[in-house]
Amino acid sequence: MRWLISEKEKAPYFAMRYFEIEPGGWTDLGHHAHDHGVIILKGKGKVLLGEKETEISFGDVVYVPPNEIHQFKNIGDEPFGFICVIPNKDMLREIKARVK
């Protein structure tokens with residue numbers, strides 16, 4: 001994973017990361033309190049959202065809702081690359097503090 005836009009750039013609302021998964025590889029099976037926006041840039045993969053697995057490739061867009069179990073897998077013969085946009089963590093902490 002490589003951070004493209006992070007706290008370092010002082011973006012107030014979001015962070016952007018680039019992931020590249022080698023053939024046969026996958027991301028951790030995870031779930032988070034925040035949502036994700038994912039744009040596939042290269043390769044071929046599958047995304048697990050909850051109990052549903054879907055094939056994805058260049059140009060596809062994936063929305064991962066908050067707290068949804070998710071995982072990305074490379075099912076192709078070349079690197080599988082995608083951009084992942086998440087909320088700024090400082091902003092999330094501020095919103096949570098206001099709600100309490």
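The values are calculated or read from the model by the stated rules, or taken from the named source; none is laboratory data. Here the structure is a predicted model, which is why all the values come from computation and not from measurement. A quick note on method: Cβ atoms are made from the backbone with ideal geometry, for glycine too, and the neighbour counts reach across all protein chains shown.
Summary table below
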quantity: Residues of the range 70-84 classified as within 11 Å of Phe19 (Cα to Cα) and among the aliphatic types (A, V, I, L, M), total; calculated: 1
quantity: Count of residues meeting criterion [surrounded by 13 or more Cβ atoms within 10 Å (Cβ to Cβ), in contact with a Leu (Cβ under 7 Å, 6 or more places away or on another chain) and either of a type in the set (D, E, K, R) or touching a residue at least 40 places away in the same chain (Cβ under 8 Å) (or both)] in the range 33-71; calculated: 4
quantity: Any hit, the range 68-85, residues being within 20 Å of Ser6 (Cβ to Cβ), assigned to a loop (DSSP other than H, G, I, E, B) and not hydroxyl-bearing (Ser, Thr, Tyr); calculated: no
quantity: Residue satisfying condition, being modelled with pLDDT under 95, within 13 Å of the chain's Cα centre (by Cα) and not charged (D, E, K, R), within set Pro12, Pro87, Pro65; calculated: Pro87
